[in-house]
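> What follows is a structure written as C-alpha coordinates; I'll ask about it next.
The values are calculated or read from the model by the stated rules, or taken from the named source; none is laboratory data. Because the structure is predicted, anything quoted here is derived from the model rather than measured. Don't worry about glycine lacking a Cβ; one is built from the backbone with ideal geometry, like all the others, and counts go over all protein chains shown. Accessible surface areas use protein heavy atoms only, side chains included; no ligands, DNA or RNA. Shrake-Rupley method; radii C 1.70, N 1.55, O 1.52, S 1.80 Å.
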Amino acid sequence: MSDDTPLLAILVQRLSERAVLRDPEDQARYLSDWAGDRLGMPLAVVRPASTAELAEVVNLCGEHGVAMTPQGGHSGLVAGALPASDGSELVISLERLNRVRDIDPVNFTMTVDAGCILETVKQAAAEHDCDFPLALGAQGSCQIGGNIATNAGGLNVLRHGMMRQLVLGLEVVLPDGRVWNGLHALHKDNRGVDLKQLFLGSEGTLGIVSGAVLKLVPKAEQSRTALLGVSSVEAVIDLYVLARRGCSDLLTAFELIPRRCIELAMEATPSLRDPMDDAHPWYVLMEVAATGPVDLGVMLEQLLEQGMEDELILNGVLASSESQSQQLWQFRESMLEGQRLRGEHLRTDISVPISAIPAFVTQATEVVMAASPDCEIIAYGHVGDGNLHFNILPPSTLDDEAKHDHLHALEATLFEVLDGFDGSISAEHGIGRTKQAAYLSRLSPMELELARGIKTLFDPDGLMNAGRILPAR
Ligand SMILES: Cc1cc2nc3c(=O)[nH]c(=O)nc-3n(C[C@H](O)[C@H](O)[C@H](O)COP(=O)(O)OP(=O)(O)OC[C@H]3O[C@@H](n4cnc5c(N)ncnc54)[C@H](O)[C@@H]3O)c2cc1C
(Lines give C-alpha, C1' and ligand atoms only; values in the text may rest on other atoms or scores of the structure.)
Protein backbone atom coordinates (compact mmCIF):
# COMPACT_ATOMS: atom_id res chain seq x y z
CA MET A 1 0.00 0.00 0.00
CA SER A 2 1.35 3.40 -0.95
CA ASP A 3 0.01 5.26 2.12
CA ASP A 4 1.94 3.07 4.58
CA THR A 5 3.61 4.85 7.47
CA PRO A 6 7.34 4.07 7.82
CA LEU A 7 6.51 1.70 10.69
CA LEU A 8 4.05 -0.35 8.64
CA ALA A 9 6.45 -0.61 5.72
CA ILE A 10 9.16 -1.95 8.04
CA LEU A 11 6.74 -4.36 9.75
CA VAL A 12 5.70 -5.87 6.42
CA GLN A 13 9.35 -6.24 5.48
CA ARG A 14 10.39 -7.84 8.80
CA LEU A 15 7.32 -10.06 9.36
CA SER A 16 5.25 -10.70 6.22
CA GLU A 17 2.27 -9.31 4.30
CA ARG A 18 0.12 -11.91 6.07
CA ALA A 19 1.14 -10.67 9.48
CA VAL A 20 0.18 -7.01 8.91
CA LEU A 21 -3.47 -6.31 8.12
CA ARG A 22 -4.05 -2.89 6.57
CA ASP A 23 -7.24 -3.49 4.61
CA PRO A 24 -10.33 -2.31 6.61
CA GLU A 25 -12.20 -5.45 5.58
CA ASP A 26 -9.46 -7.71 6.99
CA GLN A 27 -9.34 -5.60 10.15
CA ALA A 28 -13.08 -5.68 10.85
CA ARG A 29 -13.12 -8.62 13.26
CA TYR A 30 -10.40 -7.05 15.44
CA LEU A 31 -12.35 -3.85 15.99
CA SER A 32 -15.32 -4.92 18.08
CA ASP A 33 -15.68 -7.07 21.18
CA TRP A 34 -18.09 -9.77 22.35
CA ALA A 35 -20.71 -7.18 23.32
CA GLY A 36 -20.50 -5.55 19.88
CA ASP A 37 -18.82 -2.41 21.27
CA ARG A 38 -16.53 -0.66 18.82
CA LEU A 39 -14.52 2.52 19.15
CA GLY A 40 -12.73 3.19 15.90
CA MET A 41 -9.93 2.37 13.51
CA PRO A 42 -6.43 1.16 14.29
CA LEU A 43 -3.28 2.16 12.45
CA ALA A 44 -3.18 -1.52 11.41
CA VAL A 45 -3.49 -4.96 12.95
CA VAL A 46 -0.26 -6.93 13.35
CA ARG A 47 -0.18 -10.65 14.12
CA PRO A 48 3.26 -11.86 15.25
CA ALA A 49 3.73 -15.64 15.34
CA SER A 50 6.54 -15.93 17.90
CA THR A 51 7.86 -14.17 20.98
CA ALA A 52 10.82 -12.94 18.91
CA GLU A 53 8.49 -11.40 16.31
CA LEU A 54 6.36 -9.86 19.05
CA ALA A 55 9.45 -8.33 20.66
CA GLU A 56 10.51 -6.91 17.31
CA VAL A 57 7.07 -5.32 16.78
CA VAL A 58 7.11 -3.75 20.26
CA ASN A 59 10.65 -2.53 19.81
CA LEU A 60 9.77 -0.88 16.48
CA CYS A 61 6.67 0.74 17.97
CA GLY A 62 8.91 2.25 20.66
CA GLU A 63 11.36 3.57 18.07
CA HIS A 64 8.52 5.15 16.05
CA GLY A 65 6.55 6.38 19.09
CA VAL A 66 3.46 4.37 18.09
CA ALA A 67 0.90 3.35 20.72
CA MET A 68 0.10 -0.37 21.08
CA THR A 69 -3.11 -2.27 21.89
CA PRO A 70 -2.48 -5.90 22.85
CA GLN A 71 -5.46 -8.02 21.88
CA GLY A 72 -6.55 -11.53 22.86
CA GLY A 73 -9.96 -13.04 22.15
CA HIS A 74 -11.85 -9.71 22.48
CA SER A 75 -14.17 -11.09 25.12
CA GLY A 76 -13.14 -8.49 27.71
CA LEU A 77 -16.10 -6.29 28.54
CA VAL A 78 -14.49 -2.93 29.38
CA ALA A 79 -13.20 -1.86 25.94
CA GLY A 80 -9.57 -2.48 26.94
CA ALA A 81 -8.61 -4.37 23.77
CA LEU A 82 -10.35 -1.99 21.38
CA PRO A 83 -8.20 0.52 19.50
CA ALA A 84 -8.88 4.24 19.93
CA SER A 85 -10.97 6.12 17.39
CA ASP A 86 -8.17 8.29 15.96
CA GLY A 87 -6.25 5.61 14.03
CA SER A 88 -3.16 6.10 16.18
CA GLU A 89 -2.90 2.67 17.84
CA LEU A 90 -1.40 -0.49 16.40
CA VAL A 91 -3.47 -3.53 17.39
CA ILE A 92 -1.16 -6.42 18.29
CA SER A 93 -3.18 -9.62 18.06
CA LEU A 94 -1.76 -12.66 19.86
CA GLU A 95 -3.87 -15.14 17.87
CA ARG A 96 -0.94 -16.66 15.95
CA LEU A 97 1.06 -17.20 19.14
CA ASN A 98 -0.93 -20.30 19.94
CA ARG A 99 1.30 -23.28 20.67
CA VAL A 100 1.03 -25.53 23.69
CA ARG A 101 4.74 -25.66 24.43
CA ASP A 102 4.92 -28.39 27.05
CA ILE A 103 2.84 -30.43 29.48
CA ASP A 104 4.37 -31.95 32.62
CA PRO A 105 1.77 -34.24 34.26
CA VAL A 106 4.15 -35.06 37.11
CA ASN A 107 4.70 -31.40 38.03
CA PHE A 108 1.05 -30.71 37.16
CA THR A 109 1.99 -27.79 34.92
CA MET A 110 1.73 -26.80 31.29
CA THR A 111 3.59 -24.10 29.37
CA VAL A 112 1.66 -22.30 26.66
CA ASP A 113 1.84 -19.39 24.25
CA ALA A 114 -0.32 -16.50 25.43
CA GLY A 115 -2.53 -16.65 22.34
CA CYS A 116 -3.82 -20.16 23.12
CA ILE A 117 -7.58 -20.22 23.48
CA LEU A 118 -8.68 -21.28 26.97
CA GLU A 119 -10.80 -24.16 25.63
CA THR A 120 -7.80 -25.51 23.68
CA VAL A 121 -5.68 -25.40 26.82
CA LYS A 122 -8.33 -27.30 28.78
CA GLN A 123 -8.55 -29.94 26.04
CA ALA A 124 -4.77 -30.34 25.92
CA ALA A 125 -4.67 -30.78 29.71
CA ALA A 126 -7.51 -33.35 29.52
CA GLU A 127 -5.42 -35.51 27.18
CA HIS A 128 -3.07 -35.99 30.14
CA ASP A 129 -5.90 -36.66 32.63
CA CYS A 130 -5.48 -33.18 34.00
CA ASP A 131 -7.61 -30.05 34.05
CA PHE A 132 -6.77 -26.39 33.83
CA PRO A 133 -9.56 -25.33 36.17
CA LEU A 134 -10.39 -21.84 34.88
CA ALA A 135 -13.90 -22.09 33.41
CA LEU A 136 -15.96 -19.22 32.04
CA GLY A 137 -18.62 -18.46 29.47
CA ALA A 138 -16.14 -17.05 26.97
CA GLN A 139 -13.71 -19.99 27.11
CA GLY A 140 -14.24 -20.83 23.44
CA SER A 141 -12.79 -17.48 22.39
CA CYS A 142 -10.79 -15.88 25.22
CA GLN A 143 -7.03 -16.41 25.30
CA ILE A 144 -4.70 -17.27 28.17
CA GLY A 145 -2.93 -13.90 27.72
CA GLY A 146 -6.28 -12.10 28.06
CA ASN A 147 -7.15 -14.23 31.09
CA ILE A 148 -3.83 -13.28 32.68
CA ALA A 149 -4.15 -9.60 31.77
CA THR A 150 -7.63 -9.45 33.34
CA ASN A 151 -6.88 -11.87 36.20
CA ALA A 152 -9.95 -13.78 35.08
CA GLY A 153 -11.98 -15.85 37.50
CA GLY A 154 -15.06 -17.81 36.58
CA LEU A 155 -17.28 -20.59 37.75
CA ASN A 156 -14.76 -22.52 39.84
CA VAL A 157 -12.98 -19.72 41.71
CA LEU A 158 -14.36 -20.87 45.02
CA ARG A 159 -12.32 -24.06 44.74
CA HIS A 160 -9.36 -23.20 42.49
CA GLY A 161 -8.94 -19.42 42.74
CA MET A 162 -8.46 -16.83 40.00
CA MET A 163 -5.66 -16.60 37.42
CA ARG A 164 -3.38 -15.18 40.12
CA GLN A 165 -3.50 -18.56 41.84
CA LEU A 166 -3.22 -20.54 38.60
CA VAL A 167 -0.11 -19.03 37.03
CA LEU A 168 3.37 -20.16 38.12
CA GLY A 169 5.50 -18.38 35.53
CA LEU A 170 5.31 -15.75 32.81
CA GLU A 171 7.17 -14.58 29.73
CA VAL A 172 6.47 -10.93 28.96
CA VAL A 173 7.55 -8.55 26.21
CA LEU A 174 8.16 -5.29 28.05
CA PRO A 175 7.16 -1.94 26.50
CA ASP A 176 10.79 -1.31 25.45
CA GLY A 177 10.90 -4.60 23.48
CA ARG A 178 13.00 -6.59 25.97
CA VAL A 179 11.74 -10.06 26.85
CA TRP A 180 11.42 -10.91 30.55
CA ASN A 181 11.77 -14.65 30.97
CA GLY A 182 10.01 -15.62 34.18
CA LEU A 183 8.78 -18.95 32.86
CA HIS A 184 9.45 -20.89 36.07
CA ALA A 185 7.49 -24.02 36.86
CA LEU A 186 8.03 -23.82 40.62
CA HIS A 187 5.19 -24.37 43.05
CA LYS A 188 7.16 -22.61 45.78
CA ASP A 189 9.45 -19.69 45.04
CA ASN A 190 10.10 -16.90 47.50
CA ARG A 191 12.92 -15.09 45.74
CA GLY A 192 12.13 -11.48 46.45
CA VAL A 193 9.37 -9.52 44.74
CA ASP A 194 7.01 -11.75 42.73
CA LEU A 195 7.25 -9.78 39.47
CA LYS A 196 4.73 -11.91 37.59
CA GLN A 197 1.92 -10.79 39.87
CA LEU A 198 2.35 -7.21 38.60
CA PHE A 199 1.28 -8.35 35.13
CA LEU A 200 -1.70 -10.36 36.37
CA GLY A 201 -4.69 -8.04 36.26
CA SER A 202 -2.81 -5.04 34.84
CA GLU A 203 -4.76 -5.33 31.58
CA GLY A 204 -1.78 -5.14 29.24
CA THR A 205 -0.69 -1.73 30.53
CA LEU A 206 2.75 -2.94 31.70
CA GLY A 207 3.73 -5.31 28.87
CA ILE A 208 2.47 -8.02 26.54
CA VAL A 209 2.32 -11.54 27.96
CA SER A 210 3.74 -13.98 25.40
CA GLY A 211 3.86 -17.22 27.38
CA ALA A 212 2.83 -18.72 30.71
CA VAL A 213 3.34 -21.72 32.95
CA LEU A 214 -0.07 -22.79 34.21
CA LYS A 215 -0.94 -24.89 37.22
CA LEU A 216 -2.97 -28.05 36.50
CA VAL A 217 -5.11 -30.19 38.78
CA PRO A 218 -6.02 -33.88 38.39
CA LYS A 219 -9.04 -34.23 36.13
CA ALA A 220 -12.12 -34.87 38.25
CA GLU A 221 -13.31 -38.46 37.81
CA GLN A 222 -16.79 -37.73 39.03
CA SER A 223 -19.03 -34.74 39.57
CA ARG A 224 -22.62 -34.06 40.61
CA THR A 225 -24.70 -31.07 39.61
CA ALA A 226 -27.93 -29.83 41.16
CA LEU A 227 -30.32 -26.98 40.38
CA LEU A 228 -32.29 -25.97 43.45
CA GLY A 229 -35.31 -23.70 43.89
CA VAL A 230 -34.93 -21.28 46.82
CA SER A 231 -37.24 -18.60 48.23
CA SER A 232 -34.85 -15.74 49.07
CA VAL A 233 -31.26 -14.55 48.79
CA GLU A 234 -30.96 -14.99 52.58
CA ALA A 235 -31.85 -18.67 52.16
CA VAL A 236 -29.27 -18.95 49.34
CA ILE A 237 -26.53 -17.73 51.69
CA ASP A 238 -27.62 -20.09 54.49
CA LEU A 239 -27.56 -22.93 51.97
CA TYR A 240 -24.10 -21.85 50.81
CA VAL A 241 -22.74 -22.08 54.36
CA LEU A 242 -24.32 -25.53 54.72
CA ALA A 243 -22.74 -26.64 51.43
CA ARG A 244 -19.36 -25.15 52.28
CA ARG A 245 -19.28 -27.03 55.56
CA GLY A 246 -20.87 -30.23 54.21
CA CYS A 247 -18.86 -30.53 50.99
CA SER A 248 -15.75 -28.64 52.01
CA ASP A 249 -13.21 -28.31 49.17
CA LEU A 250 -15.20 -30.58 46.86
CA LEU A 251 -17.67 -27.76 46.24
CA THR A 252 -16.63 -26.37 42.84
CA ALA A 253 -19.50 -24.06 41.91
CA PHE A 254 -22.35 -22.29 43.70
CA GLU A 255 -24.22 -19.96 41.36
CA LEU A 256 -27.11 -17.65 42.21
CA ILE A 257 -29.70 -17.42 39.42
CA PRO A 258 -32.95 -15.40 39.56
CA ARG A 259 -36.13 -16.73 37.95
CA ARG A 260 -35.86 -14.09 35.21
CA CYS A 261 -32.57 -15.63 34.04
CA ILE A 262 -34.21 -19.06 33.70
CA GLU A 263 -36.78 -17.38 31.45
CA LEU A 264 -34.09 -15.53 29.47
CA ALA A 265 -32.21 -18.82 28.99
CA MET A 266 -35.36 -20.50 27.64
CA GLU A 267 -35.92 -17.54 25.28
CA ALA A 268 -32.35 -17.79 23.95
CA THR A 269 -32.40 -21.60 23.69
CA PRO A 270 -35.95 -22.72 22.87
CA SER A 271 -35.05 -26.41 23.35
CA LEU A 272 -34.63 -25.76 27.11
CA ARG A 273 -37.63 -26.74 29.23
CA ASP A 274 -38.55 -25.26 32.62
CA PRO A 275 -36.36 -27.31 34.96
CA MET A 276 -39.03 -27.86 37.65
CA ASP A 277 -42.80 -28.09 37.61
CA ASP A 278 -43.04 -25.01 39.83
CA ALA A 279 -41.28 -21.64 39.54
CA HIS A 280 -39.10 -20.14 42.29
CA PRO A 281 -37.83 -16.61 42.83
CA TRP A 282 -34.22 -17.80 43.07
CA TYR A 283 -32.24 -20.84 42.00
CA VAL A 284 -28.87 -22.24 43.01
CA LEU A 285 -26.80 -24.15 40.49
CA MET A 286 -24.20 -26.09 42.42
CA GLU A 287 -21.58 -28.67 41.59
CA VAL A 288 -19.29 -30.96 43.56
CA ALA A 289 -16.40 -32.82 41.94
CA ALA A 290 -13.71 -35.24 43.06
CA THR A 291 -11.18 -37.85 42.12
CA GLY A 292 -10.70 -41.03 44.11
CA PRO A 293 -13.03 -43.11 46.29
CA VAL A 294 -15.41 -40.38 47.48
CA ASP A 295 -19.17 -40.95 47.37
CA LEU A 296 -20.35 -37.64 45.98
CA GLY A 297 -23.91 -38.94 45.58
CA VAL A 298 -24.27 -39.59 49.32
CA MET A 299 -22.58 -36.30 50.17
CA LEU A 300 -24.96 -34.30 47.98
CA GLU A 301 -28.06 -36.21 49.05
CA GLN A 302 -27.24 -35.55 52.71
CA LEU A 303 -26.80 -31.87 51.95
CA LEU A 304 -30.07 -31.66 50.04
CA GLU A 305 -31.96 -33.52 52.81
CA GLN A 306 -30.62 -31.11 55.39
CA GLY A 307 -31.42 -28.13 53.14
CA MET A 308 -35.02 -29.30 52.76
CA GLU A 309 -35.37 -30.02 56.46
CA ASP A 310 -34.16 -26.49 57.21
CA GLU A 311 -36.67 -25.20 54.60
CA LEU A 312 -33.90 -23.63 52.54
CA ILE A 313 -34.56 -25.76 49.46
CA LEU A 314 -38.10 -25.74 48.04
CA ASN A 315 -37.55 -28.07 45.09
CA GLY A 316 -34.64 -29.33 43.03
CA VAL A 317 -33.23 -31.33 40.16
CA LEU A 318 -30.24 -33.58 40.69
CA ALA A 319 -28.47 -34.51 37.46
CA SER A 320 -27.88 -38.24 37.27
CA SER A 321 -25.75 -38.24 34.12
CA GLU A 322 -23.16 -36.11 32.38
CA SER A 323 -25.67 -35.03 29.74
CA GLN A 324 -28.22 -33.99 32.40
CA SER A 325 -25.53 -32.02 34.14
CA GLN A 326 -24.69 -30.27 30.86
CA GLN A 327 -28.36 -29.44 30.43
CA LEU A 328 -28.45 -27.73 33.82
CA TRP A 329 -25.30 -25.76 32.97
CA GLN A 330 -26.95 -24.80 29.69
CA PHE A 331 -29.28 -22.52 31.71
CA ARG A 332 -26.25 -20.66 33.07
CA GLU A 333 -24.74 -20.26 29.60
CA SER A 334 -27.92 -19.42 27.68
CA MET A 335 -29.06 -16.77 30.14
CA LEU A 336 -26.05 -14.65 29.07
CA GLU A 337 -27.12 -14.89 25.45
CA GLY A 338 -30.71 -14.11 26.53
CA GLN A 339 -29.50 -10.88 28.12
CA ARG A 340 -27.42 -9.98 25.10
CA LEU A 341 -30.49 -10.36 22.88
CA ARG A 342 -32.25 -7.70 24.99
CA GLY A 343 -29.91 -5.03 23.62
CA GLU A 344 -27.98 -2.38 25.56
CA HIS A 345 -28.08 -2.88 29.30
CA LEU A 346 -25.92 -2.13 32.31
CA ARG A 347 -23.42 -4.93 32.94
CA THR A 348 -21.63 -4.94 36.26
CA ASP A 349 -19.23 -7.36 37.94
CA ILE A 350 -19.18 -6.13 41.52
CA SER A 351 -18.25 -7.88 44.76
CA VAL A 352 -19.14 -7.60 48.42
CA PRO A 353 -18.34 -9.87 51.38
CA ILE A 354 -20.38 -13.07 50.97
CA SER A 355 -22.23 -12.39 54.23
CA ALA A 356 -23.34 -8.98 52.90
CA ILE A 357 -24.93 -10.30 49.66
CA PRO A 358 -28.56 -10.36 50.94
CA ALA A 359 -28.43 -6.87 52.45
CA PHE A 360 -26.69 -5.51 49.34
CA VAL A 361 -29.23 -7.03 46.94
CA THR A 362 -32.13 -5.67 49.02
CA GLN A 363 -30.69 -2.17 49.35
CA ALA A 364 -29.44 -1.90 45.76
CA THR A 365 -32.81 -3.12 44.42
CA GLU A 366 -34.69 -0.54 46.51
CA VAL A 367 -32.43 2.34 45.48
CA VAL A 368 -32.34 1.45 41.77
CA MET A 369 -36.09 0.85 41.57
CA ALA A 370 -36.74 4.17 43.31
CA ALA A 371 -34.54 5.92 40.73
CA SER A 372 -36.01 4.05 37.75
CA PRO A 373 -39.31 2.24 38.47
CA ASP A 374 -39.59 0.90 34.89
CA CYS A 375 -36.18 -0.71 34.64
CA GLU A 376 -35.60 -4.43 35.15
CA ILE A 377 -32.94 -5.77 37.50
CA ILE A 378 -31.19 -9.04 36.76
CA ALA A 379 -28.86 -9.96 39.62
CA TYR A 380 -26.96 -13.23 39.47
CA GLY A 381 -23.47 -14.34 40.33
CA HIS A 382 -20.85 -16.51 41.90
CA VAL A 383 -22.01 -16.64 45.53
CA GLY A 384 -18.85 -18.33 46.81
CA ASP A 385 -16.78 -15.36 45.60
CA GLY A 386 -19.18 -12.64 46.76
CA ASN A 387 -19.31 -11.67 43.08
CA LEU A 388 -22.56 -10.41 41.59
CA HIS A 389 -23.56 -9.33 38.12
CA PHE A 390 -26.14 -6.76 39.19
CA ASN A 391 -27.32 -5.95 35.68
CA ILE A 392 -30.06 -3.54 34.67
CA LEU A 393 -32.27 -3.54 31.57
CA PRO A 394 -33.45 0.03 30.82
CA PRO A 395 -37.10 1.00 30.26
CA SER A 396 -37.95 0.00 26.68
CA THR A 397 -39.67 3.35 26.07
CA LEU A 398 -36.36 5.26 25.96
CA ASP A 399 -34.49 5.93 22.72
CA ASP A 400 -30.89 4.71 22.36
CA GLU A 401 -29.20 7.88 23.57
CA ALA A 402 -31.55 8.28 26.53
CA LYS A 403 -31.04 4.60 27.45
CA HIS A 404 -27.29 5.09 27.49
CA ASP A 405 -27.45 8.16 29.76
CA HIS A 406 -30.03 6.52 32.00
CA LEU A 407 -27.88 3.41 32.52
CA HIS A 408 -24.83 5.54 33.21
CA ALA A 409 -26.71 7.40 35.95
CA LEU A 410 -28.00 4.11 37.41
CA GLU A 411 -24.47 2.72 37.49
CA ALA A 412 -23.34 5.69 39.59
CA THR A 413 -26.30 5.16 41.95
CA LEU A 414 -25.51 1.45 42.25
CA PHE A 415 -21.81 2.08 42.93
CA GLU A 416 -22.72 4.49 45.73
CA VAL A 417 -24.69 1.71 47.42
CA LEU A 418 -21.71 -0.58 46.86
CA ASP A 419 -19.37 1.91 48.57
CA GLY A 420 -21.51 1.56 51.69
CA PHE A 421 -20.59 -2.15 51.75
CA ASP A 422 -16.89 -1.51 51.04
CA GLY A 423 -17.40 -3.47 47.82
CA SER A 424 -15.46 -3.54 44.55
CA ILE A 425 -16.72 -1.97 41.31
CA SER A 426 -14.85 -4.67 39.40
CA ALA A 427 -14.43 -8.26 40.59
CA GLU A 428 -13.93 -9.76 37.13
CA HIS A 429 -13.76 -7.64 34.01
CA GLY A 430 -11.25 -5.02 35.12
CA ILE A 431 -11.20 -1.27 34.56
CA GLY A 432 -10.25 -0.83 30.89
CA ARG A 433 -11.72 2.36 29.52
CA THR A 434 -15.33 2.03 30.64
CA LYS A 435 -14.78 1.85 34.41
CA GLN A 436 -11.90 4.33 34.53
CA ALA A 437 -13.78 7.33 35.92
CA ALA A 438 -15.49 5.26 38.64
CA TYR A 439 -12.15 3.63 39.52
CA LEU A 440 -10.13 6.87 39.70
CA SER A 441 -12.73 8.63 41.81
CA ARG A 442 -12.34 5.89 44.44
CA LEU A 443 -8.51 5.81 44.56
CA SER A 444 -6.74 7.58 47.40
CA PRO A 445 -3.92 10.01 46.40
CA MET A 446 -1.42 7.48 47.75
CA GLU A 447 -2.85 4.63 45.68
CA LEU A 448 -2.87 6.82 42.57
CA GLU A 449 0.75 7.84 43.13
CA LEU A 450 1.85 4.20 43.51
CA ALA A 451 -0.16 3.01 40.47
CA ARG A 452 1.31 5.83 38.35
CA GLY A 453 4.82 5.06 39.60
CA ILE A 454 4.55 1.40 38.55
CA LYS A 455 3.20 2.37 35.11
CA THR A 456 6.03 4.87 34.56
CA LEU A 457 8.67 2.37 35.66
CA PHE A 458 7.55 -0.20 33.06
CA ASP A 459 6.34 2.14 30.32
CA PRO A 460 7.97 5.59 30.63
CA ASP A 461 6.76 6.65 27.16
CA GLY A 462 3.16 5.61 27.89
CA LEU A 463 2.73 3.63 24.65
CA MET A 464 1.39 0.35 26.05
CA ASN A 465 -2.43 0.23 26.23
CA ALA A 466 -2.48 3.96 26.92
CA GLY A 467 -5.65 5.31 28.53
CA ARG A 468 -6.70 2.00 30.05
CA ILE A 469 -6.93 1.86 33.87
CA LEU A 470 -5.02 5.18 34.22
CA PRO A 471 -5.50 8.20 31.93
CA ALA A 472 -3.08 8.51 29.00
CA ARG A 473 -0.29 11.00 29.59
C1 LIG B 1 -19.68 -14.53 27.89
C2 LIG B 1 -18.58 -14.01 28.77
C3 LIG B 1 -18.39 -14.56 30.03
C4 LIG B 1 -17.37 -14.08 30.85
N5 LIG B 1 -17.23 -14.65 32.08
C6 LIG B 1 -16.24 -14.23 32.87
C7 LIG B 1 -16.06 -14.83 34.16
O8 LIG B 1 -16.80 -15.71 34.56
N9 LIG B 1 -15.02 -14.40 34.90
C10 LIG B 1 -14.17 -13.41 34.48
O11 LIG B 1 -13.23 -13.06 35.20
N12 LIG B 1 -14.34 -12.81 33.29
C13 LIG B 1 -15.34 -13.19 32.48
N14 LIG B 1 -15.50 -12.59 31.26
C15 LIG B 1 -14.61 -11.45 30.88
C16 LIG B 1 -13.16 -11.87 30.81
O17 LIG B 1 -12.31 -10.79 31.15
C18 LIG B 1 -12.70 -12.38 29.47
O19 LIG B 1 -13.58 -13.35 28.98
C20 LIG B 1 -11.27 -12.86 29.33
O21 LIG B 1 -10.48 -13.00 30.48
C22 LIG B 1 -10.58 -11.89 28.43
O23 LIG B 1 -9.74 -12.59 27.57
P24 LIG B 1 -9.57 -12.18 26.05
O25 LIG B 1 -8.50 -13.03 25.49
O26 LIG B 1 -10.86 -12.16 25.33
O27 LIG B 1 -9.00 -10.69 26.21
P28 LIG B 1 -9.31 -9.37 25.40
O29 LIG B 1 -10.74 -8.99 25.52
O30 LIG B 1 -8.78 -9.48 24.02
O31 LIG B 1 -8.44 -8.34 26.21
C32 LIG B 1 -8.74 -8.00 27.55
C33 LIG B 1 -7.63 -7.08 28.10
O34 LIG B 1 -6.41 -7.80 28.19
C35 LIG B 1 -5.40 -7.21 27.36
N36 LIG B 1 -4.66 -8.34 26.77
C37 LIG B 1 -5.16 -9.32 25.97
N38 LIG B 1 -4.18 -10.21 25.70
C39 LIG B 1 -3.06 -9.77 26.30
C40 LIG B 1 -1.71 -10.24 26.39
N41 LIG B 1 -1.31 -11.37 25.79
N42 LIG B 1 -0.82 -9.53 27.12
C43 LIG B 1 -1.21 -8.39 27.73
N44 LIG B 1 -2.44 -7.88 27.68
C45 LIG B 1 -3.36 -8.57 26.98
C46 LIG B 1 -6.15 -6.34 26.37
O47 LIG B 1 -5.38 -5.26 25.92
C48 LIG B 1 -7.35 -5.89 27.20
O49 LIG B 1 -6.99 -4.79 28.00
C50 LIG B 1 -16.51 -13.02 30.41
C51 LIG B 1 -16.71 -12.49 29.15
C52 LIG B 1 -17.73 -12.95 28.33
C53 LIG B 1 -17.91 -12.34 26.97
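> Looking only at residues in region 127-143 that are more than 19 Å from Trp329 (Cβ to Cβ) and more than 8 Å from the ligand (Cβ to nearest atom), which one is most open to solvent (accessible area, probe 1.4 Å)?
Glu127
> Another question, if that's okay. Among the residues of region 14-45, count how many are basic (Lys, Arg) and surrounded by 16 or more Cβ atoms within 10 Å (Cβ to Cβ).
1
> So the check is Cβ under 9 Å with 6+ separation or different chains; which pairs have a first residue in region 233-249 that's within 14 Å of Leu300 (Cα to Cα) and touching a residue at least 40 places away in the same chain (Cβ under 8 Å) and a second one that's of a type in the set (Phe, Trp, Tyr) and open to solvent by less than 50 Å² (accessible area, probe 1.4 Å)?
What qualifies is Leu239/Phe254; Tyr240/Phe254; Ala243/Phe254; Arg244/Phe254.
> Identify, from the list Val172, Val193, the residue that is crowded, with 23+ Cβ neighbours inside 10 Å and either over 10 Å from the mean Cα position of the chain (by Cα) or among the charged types (D, E, K, R) (or both).
Val172
> Mind telling me which of the residues Arg259, Arg224 ends up being open to solvent by 60 Å² or more (accessible area, probe 1.4 Å), among the basic types (Lys, Arg) and more than 30 Å from Gly462 (Cβ to Cβ)?
Just one listed residue meets the conditions, Arg224.
> Can you find a residue in region 65-73 that is within 8 Å of the ligand (Cβ to nearest atom), in contact with a helix residue (DSSP H, G or I) (Cβ under 6 Å, 6 or more places away or on another chain) and over 14 Å from Arg38 (Cβ atoms)?
There is at least one residue in region 65-73 that is within 8 Å of the ligand (Cβ to nearest atom), in contact with a helix residue (DSSP H, G or I) (Cβ under 6 Å, 6 or more places away or on another chain) and over 14 Å from Arg38 (Cβ atoms).
> Also, I was wondering about something else. Just to be sure before I move on: is Val209 at pLDDT 95 or above, among the β-branched types (Val, Ile, Thr) and over 16 Å from Lys455 (Cβ atoms) in the structure I sent?
yes
> Restricted to region 29-62, and to residues that are at pLDDT 95 or above and of a type in the set (Asp, Glu), which residue is farthest from the ligand (Cβ to nearest atom)?
Filtering region 29-62 for residues that are at pLDDT 95 or above and of a type in the set (Asp, Glu), the one farthest from the ligand (Cβ to nearest atom) comes out as Glu56.
> Still on this structure, I have one more. How many residues does region 93-120 hold that are among the β-branched types (Val, Ile, Thr) and out of contact with any Leu (no Cβ under 7 Å at 6 or more places or on another chain)?
Residues flagged as among the β-branched types (Val, Ile, Thr) and out of contact with any Leu (no Cβ under 7 Å at 6 or more places or on another chain) within region 93-120 amount to 5.
> Select the helices (runs of 4 or more DSSP H) contained entirely in region 338-452, then report the ones holding at least 3 residues which are open to solvent by less than 40 Å² (accessible area, probe 1.4 Å) and away from the ligand (no atom under 16 Å from the Cβ).
357-371, 400-419
> Is it the case that Leu296 is within 17 Å of Leu251 (Cα to Cα), buried (at least 19 other Cβ atoms within 10 Å of the Cβ) and not assigned by TED's automatic domain parsing to the domain that holds Gly381?
So Leu296 fails the test.
> Which members of region 154-182 meet the condition of being within 22 Å of Asn465 (Cβ to Cβ) and in contact with an Asp or Glu (Cβ under 6 Å, 6 or more places away or on another chain)?
Pro175, Asn181, listed by residue number.
> Okay, next question. Tell me which strands (runs of 3 or more DSSP E) are completely within region 52-126 and hold 3 or more residues being open to solvent by less than 30 Å² (accessible area, probe 1.4 Å), or say none if there are none.
Strands (runs of 3 or more DSSP E) meeting the threshold: 67-71, 89-93, 109-113.
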